[in-house]
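Below is one structure, written out as structure tokens; comments come after it.
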Amino acid sequence: MKFLKYMAVVTLLLPVLCFARESDVYIGISSKYDPNALPKIGIAHFFAKNENSSAEKQTASQLSSVVRSDLLRSRYFDVQDNLPKPDLNNLGEVFSKYRKDGLDYFLFAEVAQSGEGQWDIKAFLYDTESQKAILAKNLKSSSKSLRRSAHILSDQIVKLLMGKRGIADTRIAFANDSTGKKEIYMVDYDGYNLTKLTRDKSISLLPRWSADSSKIFYTTYRRKNPDVYYIDLKEGKIKPLIKTRGLNLIGGVSPDDKSLVLTLSRGSNPNIYIKDLESGALRRLTDKYGVDGSPSFSPDGKYITFVSNRSGNPQIYIMNLATQETRRITKMNWTDSPQWSPNGDWIVFAGRQASNHPIDIFITDITGSQVRQLTADAGWNEDPTWSPDGRFIAFTTTRAGKRQIYVMDADGSAPHLIANIRGNAFTPNWSK
């Protein structure tokens, strides 16, 4: 509960506050999910160019498995798999059979080894009605990046057939205490490729992706003070950004990657500031009695949402950045961690209706007139973050004992564990 930590910081005059992947793919079905109404896509045999190459066969099988999982997780398709290798010399019969079986599309790929740990992948997606290839991709991949190549292919299929972006090639950054300290990690959206990013050997929290997903900003106590650093994923380096004495908590990154919104204490209660990343200039946004924190930008960058206890209990507010006009949108016992949906219509947050209730995940429209509870009767649920397409929400929960990352549909249905990772997880943030 980060807001309570802000209060403790003020009271104590800013003291130092004190991996295995999921084995089964689980795809929950929400009330809006009707597999009979979805386009049917068949995954035909992904085959090795050299039928005598066990390495090519194994790689083809892995590629097929990842694409299948991605398309299932997308919820856009009724996926039929384990189809036999199509007879490419007699596609007329293939189309006729698949059309008779109710398939709208079918996908197959050829995998060839081009060097040690290097692969050439030729993938084809056919429309069974027009009997034409509507997607033909030549991918080059190393063994290390094979899963990502599959994710990219899956996202291209989603974009082509549904006209919407896919999320297979996205990641979630989070803090984890499995080493005895809190460090920053990232993991693919499907729970694979867990990567430790920091070795601060201290308290590192609140990772926030840049809009282009090339950097992760976060707050760390590596210098015995809550400072803001960032991880440059392209350069593989960690660099300081704000090292001013006092509280420096990252809130969010602007949609144009030009500024940050933060909670800072400058000899007073924590307030909300914007930092220009080009000039380094700071602009103070709030100056009220009490504590303001947990800020984040709206998708158009014109507003922020934040939490303040200026009216008593911590509530969620929205501010127009041009006018600094502020309005309160919640009336609950406690709230924290508001995050704007990618389409700008909803704000997800952690909160509770009464003091004897556990913390749960809620969403509200930007007027505050519609508040919906998404989790209930399942431990404490905090730190919500939207998927970049706005269809899913990741969050932390204690429902299984320790604090783990779950993902659910945006309506609260189909919650499932992203990966069984050692230690406790905190403050996840989904890449853009």
Partner aspartates and glutamates for K243 [C-alpha distance under 13 Å; skip if fewer than 8 residues away on the same chain]: D227
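May I have the convex hull volume per residue, in Å³, for the Cα set of segment 331-385?
Details: hull volume 3.8 nm³, N = 55.
Output value, Cα hull per residue: 69 Å³.
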Label-point separation, Y192 to L91 (7 Å along Cα→Cβ), nm: 2.8 nm
Per-residue HN-Hα couplings for segment 40-52 [Karplus 6.51, -1.76, 1.60; θ = phi - 60°; Hz; x = Gly/Pro]: 8, 10, x, 9, 6, 4, 8, 10, 7, 4, 9, 5, 8
Pairwise centroid distance, computed over Cα atoms, of segment 369-432 with segment 130-195, Å: 19 Å
Base-10 log of normalised Debye intensity for segment 169-231 (one unit scatterer per alpha-carbon) at q = 0.14, 0.29 Å⁻¹: -0.37, -1.28
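By DSSP, what percent of the beta bridges with both residues in the chain are antiparallel, rounded to the nearest 5?
Close to 90 percent.
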Sequence of H416, H45 from largest to smallest accessible area, 1.4 Å probe: H45, H416
Value of relative contact order over segment 281-432, rounded to a whole percent, pairs C-alpha under 8 Å and six or more apart: 13 percent
Area accessible to solvent at Y218, 1.4 Å probe radius, in Å²: 0 Å²
Heavy atoms of S355 accessible to a 1.4 Å probe, total area in Å² rounded to 10: 90 Å²
Of all accessible heavy-atom area on the chain, the percent that carbon and sulfur account for (1.4 Å): 46 percent
Intensity falloff of segment 275-344 expressed as log10 I(q)/I(0), Debye formula with alpha-carbon point scatterers, at q = 0.15, 0.26 Å⁻¹: -0.50, -1.27
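About the Cα centre of the chain, what is the dipole size in debye to 20, counting +1 per Lys and Arg Cβ and -1 per Asp and Glu Cβ, all else neutral?
Working: 59 positive and 46 negative charges, 332 e Å.
Dipole size: approximately 1600 debye.
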For R403, residues with placed amide H under 5 Å, excluding near neighbours: A425
Global form of segment 293-408, assessed from the alpha-carbon gyration tensor, a/c cut-off 1.5: oblate
DSSP beta bridge pairing in segment 41-119, given as percent antiparallel to the nearest 5: 20 percent
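One quarter of the convex hull surface, Cα atoms only: what value does that give for segment 70-215 in nm²?
Over all viewing directions, segment 70-215 projects a mean Cα-hull area of 11.4 nm².
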The chain, Cα convex hull volume normalised per residue, Å³: 155 Å³
Charge dipole (the chain, unit charges on Cβ, about Cα centre) - positive-most of Y221, S54, A350: Y221
Quotient of C-alpha Rg and 2.2 N^0.38 Å, computed over segment 206-351: 1.01
Solvent-accessible area per residue, Å², over segment 158-278 with all protein chains present [probe radius 1.4 Å]: 39 Å²
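The values are calculated or read from the model by the stated rules, or taken from the named source; none is laboratory data. Since we're looking at a predicted model, the values are computed, not measured. Heads up, the Cβs are rebuilt from the backbone with ideal geometry, glycines too, and the neighbour counts pull from every protein chain shown. Surface accessibility is based on the protein's heavy atoms, side chains included, excluding ligands, DNA and RNA. Shrake-Rupley method; radii C 1.70, N 1.55, O 1.52, S 1.80 Å.
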